[in-house]
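As structure tokens, the structure follows; a few thoughts come after it.
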Amino acid sequence: MSFEFGMFYEVPVPQPWGPVSELDAYRQVVREVELAEQMGFTHFWTVEHHFLSEFSHCSAPEVLYGYVAARTSRIKICHGVRLLPFPYNHPIRAAEMAATLDLLCNGRLEFGTGRSATREELEGFGIEPRQTRSLWEEALRIVVGAWTQDVFSWEGEHFRIPPRRVLPKPLQRPHPPLWMATSSPEGHMLAGKLGLGLLSFTIGVPPDELAQRIRLYREGLQQAQPIGHFTNPRAAAFTMVHCADTNAEARRNAERSVLWYFRKSIRLISALAEWQGQGTIATYEYAQALGALDLEGVTFDALNEMGAIIVGDPARCVEVLRRYQEAGIDQILCLMNPYAISPTQVLRSIELFGRYVIPAFRT
């Protein structure tokens with residue numbers, strides 16, 4: 001399988017805000033995805049986030065996906081991720097919305113799932129952090145059942161559903177590809193054991209360390225008991241990406257946004273551990289570790305030199321991407337606007353990727 005390139009979006013809206021700031025942000029996403037499809041990107045991913053001012057205004061991705069589906073014809077449309085712990089989304093509603101989208105985009109949907117990792121979101125929806133993994137797994141099993149059984153019912157720890165026909169069914173049979181987002185080493189192993197595609201959402205991790213986590217994922221796949229009706233054995237990793245005509249220009253364009261996103265992400269995740277006090281949340285141990293980082297001590301040069309970001313001219317981008325490919329990644333998720341890179345600069349980055357970077361990986 002060839003190395004694939006995905007566009008990845010948080011949909012940031014930097015302050016100060018005007019009457020059309022959010023409108024402009026969404027219009028720009030659509031323009032970029034249209035160009036990305038022309039330039040050879042294979043996947044379009046967005047988050048689902050709530051309450052995260054400036055960082056992400058993408059709270060209803062299913063609405064955006066429907067619009068993008070009508071404006072594109074080939075690019076895969078991917079949840080990165082649909083939050084499954086209730087009450088973010090009831091699993092029956094998640095199944096219905098995803099199936100409808102799969103029909104409207106002619107079978108281009110890929111269904112990434114996750115459980116959330118910020119205090120703002122979990123507390124805002126009244127979700128107990130210690131229950132998120134069991135809520136997520138049970139909900140995903142319900143989604144698969146709702147897609148694949150004519151009459152579906154469920155009796156579980158969190159949900160009870162009497163026999164019902166859940167309609168519509170997705171176009172892809174038996175169902176769209178399933179993915180799982182994780183940031184922890186143990187989560188990488190779990191994704192493999194459940195037969196799910198891996199969305200490695202690690203921040204500030206160089207390819208060498210990422211390779212160790214991919215090995216855990218592949219080990220898990222060897223023991224897989226798929227939660228779906230088939231195994232999705234692909235591994236994708238996210239990082240910040242910006243390509244310009246020269247390395248110096250790329251740095252000028254991206255440095256502020258890269259550091260803003262890195263520091264903001266760490267603060268959002270580590271606040272979960274602070275909220276819960278000193279007691280360890282077994283499945284969120286990484287949040288406590290991130291809280292100990294000296295964020296101001298992390299520099300652009302450090303992130304760039306270790307390959308934790310991909311910023312430079314086309315040759316530099318190809319060089320760093322080779323390290324991700326060697327780490328065992330099948331797809332790179334390119335966050336091309338972490339905060340406030342201008343629309344013109346992002347469009348140029350996509351164009352350069354299509355002309356010079358993506359062809360280097362088409363063998």
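Computed log10 I(q)/I(0) for region 141-253 at 0.13, 0.22 Å⁻¹: -0.65, -1.10, from the Debye equation with unit scatterers placed on every C-alpha and solvent omitted. Computed about its Cα centre, the charge dipole of region 303-361 is approximately 120 debye, with only Lys, Arg, Asp and Glu carrying charge at their Cβ.
Given R0 = 25 Å, the distance between the Cβ atoms of D24 and F300 translates into a calculated FRET efficiency of 0.40. Couplings 3J(HN,Hα) for region 90-97, derived from phi with the Karplus relation 6.51 cos²θ - 1.76 cosθ + 1.60 (θ = phi - 60°), are 5, x, 5, 5, 4, 5, 5, 5 Hz, where x marks Gly and Pro. Ordering F51, F361 by accessible surface, largest first, gives F51, F361; the 1.4 Å probe counts only protein heavy atoms, with every chain in place. Residues whose amide H falls under 5 Å from that of V81, counting only those 5 or more places apart or on a different chain, are E48, with hydrogens built in the peptide plane. Coupling constants for region 203-219 follow from the phi torsions by the Karplus curve (6.51 cos²θ - 1.76 cosθ + 1.60, θ = phi - 60°), and in residue order they are 10, x, 9, x, x, 4, 6, 4, 4, 5, 6, 5, 4, 4, 4, 5, 4 Hz; glycine and proline get x.
Over the chain, DSSP H runs of length four or greater, each weighted -39,500 (n - 2.57), average out per residue to a 222 nm ellipticity of -13500 deg cm²/dmol. For the chain, the ratio of Cα radius of gyration to the globular rule of thumb 2.2 N^0.38 Å stands at 0.94. Only Cα pairs under 8 Å and 6+ residues apart enter the sum, and on that basis the relative contact order of region 27-115 stands at 30 percent.
Note on K76: lysines with a C-alpha under 20 Å away, same-chain residues under 8 apart excluded, are K169. With contacts taken as Cα pairs under 8 Å and at least 6 residues apart, the chain reaches a relative contact order of 21 percent. When you filter the trypsin sites (Lys or Arg not before Pro) in region 112-186 for DSSP loop state and at most 13 other Cβ atoms inside 10 Å of their Cβ, you are left with R165. Taking every Cα-Cα distance in region 1-111 and sorting them into 10 Å bins starting at zero, the pair-distance distribution P(r) comes out as 14, 45, 33, 8, 0 percent. Amide H contacts of V311: H242, each under 5 Å away and 5 or more positions distant or on a separate chain (H built 1.01 Å from N in the peptide plane; Pro and chain starts excluded). Note on the chain: with neighbouring protein chains present and a 1.4 Å probe, carbon and sulfur make up 50 percent of its accessible heavy-atom surface.
For W179, the residues 5 or more places off, or on other chains, whose built amide H falls under 5 Å of its own are F111, G112, T113, G197. Per residue, the accessible area of region 8-111 comes to 38 Å² when a 1.4 Å probe rolls over the protein heavy atoms.
The values are calculated or read from the model by the stated rules, or taken from the named source; none is laboratory data. Values in this document were obtained by computation on a predicted structure and should not be read as measured data. Neighbour counts are summed over all protein chains in view; Cβ atoms, including those assigned to glycine, are modelled from backbone coordinates with ideal geometry. The accessibility values were calculated without ligands, DNA or RNA, using every heavy atom of the protein model including side chains. Shrake-Rupley method; radii C 1.70, N 1.55, O 1.52, S 1.80 Å.
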